[in-house]
């Protein structure tokens, strides 16, 4: 069955979060509502941001205050002495300062169609995930109208086509959001201006090809008596991901003009064929089927049926949601562009929630949890590029807040960042300590990029791109950690467990993430045959981190001190959305059944924290429970994510809309179907009883293996494993009589298979 999100009614153009259908190509985004007489299209260019360096901020320093390390050192000493009260008073000094900025809306494009009054017949608007094509189709007064749109990555344009059984007229007007001018250049409407805050230049172009009459002016586009019109759209800015100016010095017009002219030269059909081939090369790698009964309903009605327990609706929505996450990642994260932000690439405001930024205490990480296991490694390249771009400004943060200095003699001595980042190298803590301080956030991000090698085996990318980022991050942490005699371990201090609880010394969040980084760094070093003073230092420090401790209650401690009689519990929220102390279970690989005491404590902690939470937090819980092998609990979390935290258009809500829940949900479904974090490929490790039968193709395992499987009544009936790079693997999977282990030795692009003998 095809994967289509569809509606049988127009979307409310005032309710963007719930009613729009999104298309995108990594650079550009468009949100469609399917209005019959008036259509609103929300347009975005991902690099269009306020904030950063500019003429009005010649002293921009990425939020870094000067010589904060003095306050950090004082706070550390006070905490070591047990004077937590005095240490807390210093925390306001451990923040960033300045104009952070925000992701910006480019403009709204408003179409008004001159068509007869009355209600349309046979109305349907849909987003075809298999084709990466939006359409809206209806009949009015006996006349059939079709409107289509797609966003092409190879050609960097969005194309809109308007077809009608008889000639109609319409207008397009742009609702400006920035100081700009709108003017005509022959058959092109130009929207050219700057962001008021920072002077960032942008240029957007709408080129019209029609069989009707056309007038273009500062008022917009007017098309008369047309049965077919195609509008090609592109936009660009003068942003460049390069410290410290973040400006290319290039007029964005020099980018948009050749792009738009080439698109028109190719025409709709050729443009779409190129787009379709590019998209399908990624999307078609993975298929998923759950059971045999499917409900084909409009998205809002499908959600209602899902919430009411329809099995056919469950089968349909769960597979659709999985593929939707993959579609959104392809559409919002492509090589050459910025990574997916809190809303992917889509945004309707100049003051979006949390600035629509790059939050790195779970959100950005979660955006890419499904990149590798759902066979979309290429979409994670922007994250690698972005982290690389943070190294230079991150050295300033390391120097000002930690006294870890890079200079000419030691140019890559350590870099860091905190809770939120911007495209302009904001690496300082946020402007409030209790959400802005997150010393281990970069260590967490290193897991994301290390997975590129774990899944792909790309030694060249590891050596040239990934390892330098990891190595410099490791240098930072080896200098940051200090010995705490009371705890008899190396600790990060002060620490705050996102985003609740007291300030403490060496919390589990920080210790576990740094431990995982050290382990992964040593593994990367072995792959590259790199060894030296830094590796020796890491080997010496690693056993002294001791991140995991079981408390008196049997729970895994979130704070080392929590069993102390004077521990401050006033700031602990029992059902808090973050599960920061469980990073070693997921996405990390340290908490496993091989350490039953810690695993049992982690499970008790998850039960204690509870399942009810916000959208992305349910996605995190879904992945955590999948790692334990508990399919029923995983499925309960999936049901909660889809049933309680999903808009009509299947976007995740926090609330408000955040795309991380979509990405985390897709990753979680894949994690229920396939795991490979312990050196063994496990097929169906956390499949619930509700998924009686099914099949998947193309899911990826660490080591460069691609797995296809079919199952009935919870038992695998056929299995295929293909190796990208060659090598040995062990695959375990359930069969009627128990669990079967299959050992395979495969050549490059070689495969092995197993099939049940009836």
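Only the coordinates and a few stated rules stand behind these numbers; no lab work does. This one's a predicted model, so the numbers in the text were calculated from it and none came from an experiment. Cβ sites come from the backbone with ideal geometry, for glycine too, and all protein chains shown count toward neighbours.
Summary of values
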{"read-out": "Rounded to 10°, Cα long-axis angle of helix 253-283 versus longest principal axis of the chain", "value": "70"}
{"read-out": "Alpha-carbon centroid distance for the pair the range 2-72 / the range 498-549, whole angstrom", "value": "35"}
{"read-out": "Ordering of 337-347, 58-68 by burial proxy (mean other Cβ atoms within 10 Å per residue, highest first)", "value": "337-347, 58-68"}
{"read-out": "Relative contact order (percent, whole number), the range 341-585, Cα cutoff 8 Å, 6+ residue spacing", "value": "16"}
{"read-out": "Percent antiparallel among DSSP beta bridges (both partners in the range 677-745, rounded to 5)", "value": "90"}
{"read-out": "Correct choice for Rg/Rh (Cα atoms, Kirkwood Rh) that was computed from the model, options (1) 1.34; (2) 0.98; (3) 1.12", "value": "(2)"}
{"read-out": "Segments 585-591, 280-286, 416-422 sorted - mean Cβ within 10 Å per residue, highest first", "value": "416-422, 585-591, 280-286"}
{"read-out": "Relative packing of peptides 654-662, 502-510, 239-247, 522-530 - highest average C-beta neighbours within 10 Å first", "value": "502-510, 654-662, 239-247, 522-530"}
{"read-out": "Where labels lie 7 Å past Cα in the beta-carbon direction, separation of residue 169 and residue 385 in nm", "value": "4.5"}
{"read-out": "Using alpha-carbon coordinates, inclination of helix 311-332 to the longest axis of the chain, degrees", "value": "90"}
{"read-out": "Theoretical FRET efficiency, 1/(1+(r/R0)^6), r = Cβ-Cβ of residue 219 and residue 308, R0 51 Å, to 0.05", "value": "0.55"}
{"read-out": "Cα gyration tensor shape of the range 508-650, rounded if a/c is under 1.5, else prolate or oblate by comparing a/b with b/c", "value": "oblate"}
{"read-out": "Cα centroid separation - the range 206-253 against the range 708-744, whole Å", "value": "51"}
{"read-out": "Whole-number percent relative contact order across the chain, with pairs defined as alpha carbons under 8 Å at least 6 apart", "value": "12"}
{"read-out": "Pairwise centroid distance, computed over Cα atoms, of the range 429-465 with the range 591-661, Å", "value": "22"}
{"read-out": "Over the chain: helical MRE at 222 nm, DSSP H runs n ≥ 4 each giving -39500 (n - 2.57), nearest 500", "value": "-9500 deg cm²/dmol"}
{"read-out": "Approximate spin-label separation residue 8-residue 273, in nm, with each point projected 7 Å along Cα-to-Cβ", "value": "3.6"}
{"read-out": "Simple label model, 7 Å out from Cα along Cβ direction - residue 597 to residue 301, nm", "value": "5.8"}
{"read-out": "Nearest-ten-degree value, helix 467-480 long axis tilted from longest Cα axis of the chain", "value": "40"}
{"read-out": "Gain upon complete extension [residue 569, residue 722; 0.36 nm per residue less C-alpha separation]", "value": "50.0 nm"}
{"read-out": "Alpha-carbon Rg with Dmax, taken over the range 47-115, Å", "value": "21.6, 77"}
